[in-house]
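The values are calculated or read from the model by the stated rules, or taken from the named source; none is laboratory data. Worth saying up front: this structure is predicted, and the values here are computed from it rather than measured. Cβ atoms come from the backbone with ideal geometry, glycine included; neighbour counts cover every protein chain shown. Ligands, DNA and RNA are stripped out before the accessible areas are found, and what is left, the full protein with its side chains, is counted by its heavy atoms. Shrake-Rupley method; radii C 1.70, N 1.55, O 1.52, S 1.80 Å.
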Amino acid sequence: YDTLSILDNRGLSCHIAIDQNERIQMLDFFHGKVERAACTGGYNHKALNIEISGSDFDSIFNNPTDPNYSRLSLSTETALETACWMRRNYGILLSQIYGHHELDPNKHDPGPEYMNYFRERLKAQCP
């Protein structure tokens with residue numbers, strides 16, 4: 001669950017990397033200037049990226065006995081805080097928040113059920 005080293009080893013980057021222990025800003029983003037990430041294929045030039053450590057989120061999220069459930073829950077809370085901050089500061093609409101699987105047919109994460117949950121939480125926490 002070391003998001004930063006996994007991305008680095010793959011030659012990828014995102015704006016914020018999150019795992020159950022920390023949130024790391026990998027790239028600069030300010031109003032009027034956003035450093036381009038290497039995270040979401042053809043959308044890197046127009047996206048702020050949050051990468052949550054892990055995979056198979058739907059199966060983990062739907063199974064509280066999964067050994068990675070508490071890690072994902074902690075990471076999700078941090079990701080929600082981060083996404084709320086980004087929404088407020090950059091005017092990002094809920095309809096502009098996507099999971100990898102929605103933008104890249106070769107990716108399956110984080111998963112449709114997880115993204116539905118994430119969006120519902122965002123809608124409640126930071127309308």
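Residues in region 90-121 that are in contact (Cβ under 8 Å) with a residue 24 or more places away in the chain and farther than 19 Å from Gly54 by Cβ: Tyr90, Ile92, Leu94. The set of residues from region 103-123 being part of a helix (DSSP H, G or I) and open to solvent by less than 80 Å² (accessible area, probe 1.4 Å) comprises Leu103, Pro112, Tyr114, Met115, Tyr117, Phe118, Arg119, Arg121, Leu122.
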